[in-house]
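For reference, the structure is listed below as structure tokens.
The values are calculated or read from the model by the stated rules, or taken from the named source; none is laboratory data. Keep in mind that what you see is a predicted model, and the values were worked out from it rather than measured. All Cβ positions, even for glycine, are placed from backbone atoms using ideal geometry, and neighbour counts span all protein chains on display.
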């Protein structure tokens, strides 16, 4: 028997409450990637000013992605015990705290301890938010599934763009790397304030309340196909995020032009993530769509490395549009392959825990191949394989079947 607190409302929400929740879902998404891109945007300045050792730079750039996989499986348990709205509120408060910690001075201890503490807090909070958003959309916006999935995944893409594009100007305006990092706590605090009435409308689940009955997703072939799809799209997604600009520079493109190309690619990611979920929910099944987007993203990645340089805008545009749409449809599979919000949050925890945990290896592998070969040709071959595997798992995940409950 399922617990009503975790899965459904005792009283159907009003239209006004749904609009408020929808705004909160989008704004939460708009805060879920700034921790990654804001730090990377001013990494040389932080390293020079704070004297960061190489081990700290490695930890601070890789730990948030790793923590997405570590903490994601906890989200379903916390949601069953305390209610999804209360856990999301706590996650955003933790995110605001973590973002603020990164910019606080710690007399006598240097920058590393608070940077690490803030990064760990942000990684844990983002993992919870990643898992809970699809289940809330499944529960409260089943009638607008494509629209809401598109809006919140686009917001996630936009958060990466905002962190990358606004942190350096903030550094120039304030003259302080600490202030330019801490500023990102402000929008997180605003979302916390908006989530307080959302949480207040929902009672927390009774302590020790049982989970929904029936088998869990870990024994479901469908769930593993969706999870495999997530793994390979995440490998491409994080690698693009970390390595597209260096790939362009390695091909002889100057820094300003490379930055503009990356910015346009991110805009196209947002475009793809906005429209792909709406298309996915209208299709009888998503096999062709999933496979086509995986091949489009993988092909764009490979062509960005090997394709004729005069067409680099085409290749990176193909990559951006395909990657944004691919990420969005992978997350939309959570709602399309489950019957209930209870199973949606359990599948979300599984696929994002495994997906981000293994998917983060893509960035590491590209770095290792670059060190071993001195170029990106081996990475291009790697992602030809990764894109193909994403298409295979996407085809399987796209079949019109539901996880048994």
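May I ask you to verify whether residue 100 is in contact with a helix residue (DSSP H, G or I) (Cβ under 6 Å, 6 or more places away or on another chain), modelled with pLDDT of 90 or more and within 28 Å of residue 277 (Cβ to Cβ)? In short, no. Check the range 338-352 and report whether any residue there is surrounded by fewer than 21 Cβ atoms within 10 Å (Cβ to Cβ), over 15 Å from residue 244 (Cβ atoms) and at pLDDT below 95. Yes, there is a match, as at least one residue in the range 338-352 is surrounded by fewer than 21 Cβ atoms within 10 Å (Cβ to Cβ), over 15 Å from residue 244 (Cβ atoms) and at pLDDT below 95. Among the conditions (1) closer than 26 Å to residue 282 by Cβ; (2) in contact with a helix residue (DSSP H, G or I) (Cβ under 8 Å, 6 or more places away or on another chain), the only one that residue 339 does not satisfy is (2). Which residue is farthest from the chain's Cα centre (by Cα), if the candidates are limited to the range 298-323 and must be in a helix (DSSP H, G or I) and without any contact (Cβ under 8 Å) to a residue 40 or more places away in the chain? Within the range 298-323, the match that is farthest from the chain's Cα centre (by Cα) is 310.
Inside the range 365-388, residues that are surrounded by fewer than 19 Cβ atoms within 10 Å (Cβ to Cβ) and part of a loop (DSSP other than H, G, I, E, B) make up a count of 2.
In the range 247-263, of all residues being free of Cβ contacts under 8 Å to residues at least 12 places away in the same chain and assigned to a helix (DSSP H, G or I), the one that is nearest to residue 293 (Cα to Cα) corresponds to 260. The C-beta contact set for the range 156-176 (first residue in contact (Cβ under 8 Å) with a residue 12 or more places away in the chain and not assigned by TED's automatic domain parsing to the domain that holds residue 132, second residue exposed (fewer than 15 other Cβ atoms within 10 Å of the Cβ) and part of a helix (DSSP H, G or I), distance under 7 angstrom, 6+ apart or interchain) is empty. Against the definition (in the same structural domain as residue 364 (by TED's automatic domain parsing), farther than 13 Å from residue 301 by Cβ and modelled with pLDDT under 90), how does residue 272 come out, yes or no? For residue 272, the condition - in the same structural domain as residue 364 (by TED's automatic domain parsing), farther than 13 Å from residue 301 by Cβ and modelled with pLDDT under 90 - is not met.
Whether a residue is under 20 Å from residue 292 (Cβ atoms), more than 17 Å from the chain's Cα centre (by Cα), assigned by TED's automatic domain parsing to the domain that holds residue 287 and surrounded by fewer than 20 Cβ atoms within 10 Å (Cβ to Cβ) was assessed, and residue 391 does not pass this test. Applying the condition of being under 18 Å from residue 154 (Cβ atoms) and within 16 Å of the chain's Cα centre (by Cα) to the range 241-266 and asking which residue is modelled with the lowest pLDDT yields 241.
Screening residue 373 against (1) without any contact (Cβ under 8 Å) to a residue 12 or more places away in the chain; (2) within 28 Å of residue 128 (Cα to Cα) leaves a single unmet condition, (2). Is it true that some residue in the range 221-235 is under 18 Å from residue 326 (Cα atoms), touching a helix residue (DSSP H, G or I) at 6+ places or on another chain (Cβ under 8 Å), assigned to a helix (DSSP H, G or I) and modelled with pLDDT under 85? Looking through the range 221-235, none of the residues is under 18 Å from residue 326 (Cα atoms), touching a helix residue (DSSP H, G or I) at 6+ places or on another chain (Cβ under 8 Å), assigned to a helix (DSSP H, G or I) and modelled with pLDDT under 85.
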